[in-house]
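Here's the structure we're looking at; comments come further down.
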Amino acid sequence: MSMYAVEVHELTKRFRRLVAVDHVSFQVQKGISFGLLGLNGAGKTTTFKMLATLIRPDGGTALVSGSDIRRDPLEVRRSIGYVPENPSFYTRMTTMETMMYFCRLLEIPSETRKQRISQCLELVGLVDKTDSYVGGYSRGMRHRLALAQALLAEPTVLFLDEPTLGLDPLGARNMRELIMQLKRDHNVTILMSSHTLPEVEMICDEVGIFHNGQLVAQDSVENLRHTASDTTSIEVELASRPEEQVIISLRRLPGINQVERDGRRLLIEAKNDHELRPRILETILAAHQDVLFFGARETSLEDILLRILQDESETAS
Ligand SMILES: Nc1ncnc2c1ncn2[C@@H]1O[C@H](COP(=O)(O)OP(=O)(O)OP(=O)(O)O)[C@@H](O)[C@H]1O
Ligand SMILES: [Mg+2]
């Protein structure tokens, strides 16, 4: 048995001259959550559609839950759930009719349908909407219904294309908690795309960064942080305006790139070295300045992503 839920080999998709996905290879371990990142048009949705067997690749292939997307698309469909970017449903059907319709498509045995539908609606918080028409649904409700539908066949792998896009803050938080719950309690492997990077940091164990159809990095956020950034930003707030002498002494410390004064604050760019921090603090205290706040800002996923994409663009040009 493979340890991977998804194994992608040289997957390629062309639209006329455009290579939307260009020989992409990556693996996703069972039971983890994997984030696909990249700018608009990078190839994330096209990759999802190929993995969900909605469009055929022009080259390469992938194994999803052990089945080949080209040779056994039906097997793949039985093991996955897919929530598209813009879920749409028949507007004149009620929630229950919609879910029944999908049960028939998925060949879920008729005696278990009602129970399975209530479990899925319960999970996404739509259980009291069984008789409402889907046409009257808000965007957030449509997203939740799409997830309920994706969960019907008890998938082992779930593809979520921008699952919180357009949701209000509460809806987005509920969706995030639901995704984490599915991973934790139901051992579902999650592949999701999102432009909300703090959300990706919160949910995803690993990320893959797409750029012009290619996968340019794959790692945990923590490891990417170490490789993408060798500097860190430190902010210090003093009880009074920092004296010139402190700034001069700090600038002399090895590993300090930049020191700026902003009112009572010092903004320091330094080498990403934990041993340097106590030395900075000692230097300030030695000048008899009272410190109210001392904090190092972690490089955000946004910084990391933009840095990696910038490096890629520079290498390409
Ligand atoms: N059906 C299609 N016909 C022609 N070109 C397409 C088609 N689908 C996607 N593309 C092109 O393929 C490229 C990748 O698109 P894709 O939708 O995969 O990007 P994405 O990473 O999901 O972007 P976004 O973040 O905006 O959702 C884009 O240049 C897009 O214009
Ligand atoms: Mg997309």
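The values are calculated or read from the model by the stated rules, or taken from the named source; none is laboratory data. Only a predicted model underlies this, so the values are computations on that prediction, with no experimental measurement involved. Please note: Cβ atoms are built from the backbone with ideal geometry, for glycine as well, and neighbour counts cover all protein chains shown.
Of the residues 89, 48, 26, only one is aromatic (Phe, Trp, Tyr) and assigned to a strand (DSSP E or B); which?
26
Results for (1) more than 13 Å from the chain's Cα centre (by Cα); (2) surrounded by 20 or more Cβ atoms within 10 Å (Cβ to Cβ); (3) not assigned by TED's automatic domain parsing to the domain that holds residue 222, shown as yes or no for each residue.
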residue	(1), (2), (3)
166	yes, no, no
169	yes, no, no
176	no, no, no
180	no, no, no
192	no, yes, no
200	no, yes, no
208	no, yes, no
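Just one of 246, 236, 259 is over 30 Å from residue 202 (Cα atoms), in a strand (DSSP E or B) and not assigned by TED's automatic domain parsing to the domain that holds residue 193; which is it?
Working: 246 fails: in a strand (DSSP E or B); 236 fails: over 30 Å from residue 202 (Cα atoms).
Matching residue, one of 246, 236, 259: 259.
Out of the range 128-157, which residues are among the small types (Gly, Ala, Ser) and in a strand (DSSP E or B)? Even if it seems obvious, please write down each step before you answer.
Going residue by residue through the range 128-157, those that are among the small types (Gly, Ala, Ser) are 132, 135-136, 138, 140, 146, 148, 150, 153.
Scanning the range 128-157 gives no hits.
Name every residue in the range 7-23 that is at positive phi and either within 12 Å of ligand 1 (Cβ to nearest atom) or not in a strand (DSSP E or B) (or both), in order of residue number. First the steps, then the outcome.
Taking the range 7-23 and keeping what is at positive phi, we get 10, 16, 23.
Of everything in the range 7-23, just one residue is at positive phi and either within 12 Å of ligand 1 (Cβ to nearest atom) or not in a strand (DSSP E or B) (or both), namely 16.
Kindly check whether there is at least one residue in the range 179-190 that is assigned to a loop (DSSP other than H, G, I, E, B) and not acidic (Asp, Glu). Step through it out loud before you land on a result.
Taking the range 179-190 as the starting set, the residues that turn out to be assigned to a loop (DSSP other than H, G, I, E, B) are 187-188.
Of the ones still in play, those that are also not acidic (Asp, Glu) are 187-188.
Yes.
Taking the range 74-98 on its own, how many of its residues are within 21 Å of residue 43 (Cβ to Cβ) and touching a strand residue (DSSP E or B) at 6+ places or on another chain (Cβ under 8 Å)?
The total comes to 6.
Just a yes or no: is a residue in the range 218-232 part of a loop (DSSP other than H, G, I, E, B), away from ligand 2 (no atom under 16 Å from the Cβ), within 21 Å of residue 5 (Cα to Cα) and in contact (Cβ under 8 Å) with a residue 40 or more places away in the chain?
Applying the first criterion (part of a loop (DSSP other than H, G, I, E, B)) to the range 218-232 yields 220, 229-230.
Pick out the ones that are also away from ligand 2 (no atom under 16 Å from the Cβ) and you get 220, 229-230.
Next cut, within 21 Å of residue 5 (Cα to Cα) only: 220.
Now narrow it down to the ones that are in contact (Cβ under 8 Å) with a residue 40 or more places away in the chain: none.
No, there is no match, as no residue in the range 218-232 is part of a loop (DSSP other than H, G, I, E, B), away from ligand 2 (no atom under 16 Å from the Cβ), within 21 Å of residue 5 (Cα to Cα) and in contact (Cβ under 8 Å) with a residue 40 or more places away in the chain.
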